[in-house]
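Notes for the one structure printed next.
The values are calculated or read from the model by the stated rules, or taken from the named source; none is laboratory data. Everything quoted here is computed from the prediction, not taken from an experiment. No Cβ is skipped: glycine too gets one built from the backbone with ideal geometry, and neighbour counts run over all protein chains shown. Surface accessibility is based on the protein's heavy atoms, side chains included, excluding ligands, DNA and RNA. Shrake-Rupley method; radii C 1.70, N 1.55, O 1.52, S 1.80 Å.
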Amino acid sequence: MTTLLHLSDLHLDDDLARGRLDRALRILPPSRRPDLIVITGDLADHGRREEYVDLVSAMRGDIPWIVCPGNHDDPALMAQVLGWDQSGAMSLDVDDVRVVALDVTVPGEDHGHLRPEVTDAAFRAAEDAENVVLALHHPPVPLGHEYADSIGLSNPTALGDLVIALPRTRLVVTGHVHTALATTFAGRPVVGAPSLAAALRPDPAARPLTDAGSAPGVALHELGPDGVRSSFHYAWDAATSAA
């Protein structure tokens, strides 16, 4: 069994956001220690160097981790500070699982788009892997939420073609919409992690669209010979629970 702790939408920009990340990283007991941490984008709130430096500082430890960019991120700065591969895809192995992280961001836009060169890089990174997890920021499926669905992946068919070309794909993980999601796509499970920063309100007409008082949430994925098991967990504290 290989366990992935899946975080998303950290929006690091101040001590409050850093504190929410720290709470999320402490959410699991030692008995459920993950083998790898995957962060599916919007690491930074403004794409500033110091926000990525804060992330590196927070992630000090012996658990390997991999990230992909979100629409709030700067892939060039991520390359400098985090070692992000600007080919648009990079991978990390743990046990017999290879996580392949993709850049589907569109400069200056909130929606995502999977470019042919990123598809090619992802295929090269994953083609010889025994088990593949694809990680990207923008979900390829609608939620039924008018605003969230307007800023998703604009060409989900391209991702579906990549999944078909990589038959050992076990799971697709995403973020971006600030809510947990679980469904299927191209015959595989697709799971979105809750945001660490703020939760999407279910009413598309609500303002603000997100609730910053929500508890930071994570997804936990366990991959074994019998399939994939995903669960969601929230870092409630005494102050949040009382509110």
Could you please find all residues in region 92-114 being more than 17 Å from Ser8 (Cβ to Cβ), under 16 Å from the mean Cα position of the chain (by Cα) and open to solvent by 50 Å² or more (accessible area, probe 1.4 Å)? His113
Regarding Gly88, is this residue open to solvent by less than 10 Å² (accessible area, probe 1.4 Å), within 18 Å of Thr40 (Cβ to Cβ), touching a helix residue (DSSP H, G or I) at 6+ places or on another chain (Cβ under 6 Å) and not polar (S, T, N, Q)? yes
Residue pairs within 8 Å by beta carbon, gap of at least six or interchain, first lying in region 163-174 and more than 18 Å from Cys68 (Cα to Cα), second open to solvent by 10 Å² or more (accessible area, probe 1.4 Å) and acidic (Asp, Glu), listed first then second, are Leu166/Glu127; Arg168/Glu130
Every pair of residues 6+ apart whose Cβ atoms lie under 8 Å, when the first sits in region 211-224 and is closer than 13 Å to Leu21 by Cα and touching a residue at least 40 places away in the same chain (Cβ under 8 Å) while the second is open to solvent by 10 Å² or more (accessible area, probe 1.4 Å) and of a type in the set (D, E, K, R): Pro216/Arg20; Pro216/Arg23
Filter result for Pro34 (within 26 Å of Leu223 (Cα to Cα) and without any contact (Cβ under 8 Å) to a residue 40 or more places away in the chain): no
Give the residue that is farthest from Ala24 (Cα to Cα), with candidates limited to residues of region 203-231 that are touching a strand residue (DSSP E or B) at 6+ places or on another chain (Cβ under 8 Å) and of a type in the set (D, E, K, R). Arg229
Are there any pairs, at least 6 apart or on different chains, whose C-beta atoms fall under 6 Å, with the first in region 97-121 and over 20 Å from His6 (Cβ atoms) and the second modelled with pLDDT under 95 and open to solvent by less than 10 Å² (accessible area, probe 1.4 Å), and if so, which? none
Among the candidates Pro208, Pro167, residue that is open to solvent by 10 Å² or more (accessible area, probe 1.4 Å), part of a loop (DSSP other than H, G, I, E, B), at pLDDT 95 or above and farther than 24 Å from Glu146 by Cα: Pro167
Could you go through region 72-79 and let me know if any residue there is touching an Asp or Glu at 6+ places or on another chain (Cβ under 7 Å), in contact (Cβ under 8 Å) with a residue 40 or more places away in the chain and open to solvent by less than 10 Å² (accessible area, probe 1.4 Å). no
Which one of the conditions (1) modelled with pLDDT of 95 or more; (2) over 15 Å from the mean Cα position of the chain (by Cα) does Asp73 fail to meet, given that it meets all the rest? (2)
Complete set of residues in region 150-181 that are of a type in the set (A, V, I, L, M) and closer than 22 Å to Val97 by Cβ: Leu159, Leu162, Val163, Ile164, Ala165, Leu166, Leu171, Val172, Val173, Ala180, Leu181
Filter pass, Gly152 being in contact with a strand residue (DSSP E or B) (Cβ under 8 Å, 6 or more places away or on another chain), closer than 25 Å to Thr105 by Cα and at pLDDT 95 or above: yes
Does Val177 satisfy the criteria of being under 28 Å from Ala126 (Cα atoms) and either in contact with a Cys (Cβ under 6 Å, 6 or more places away or on another chain) or in a helix (DSSP H, G or I) (or both)? no
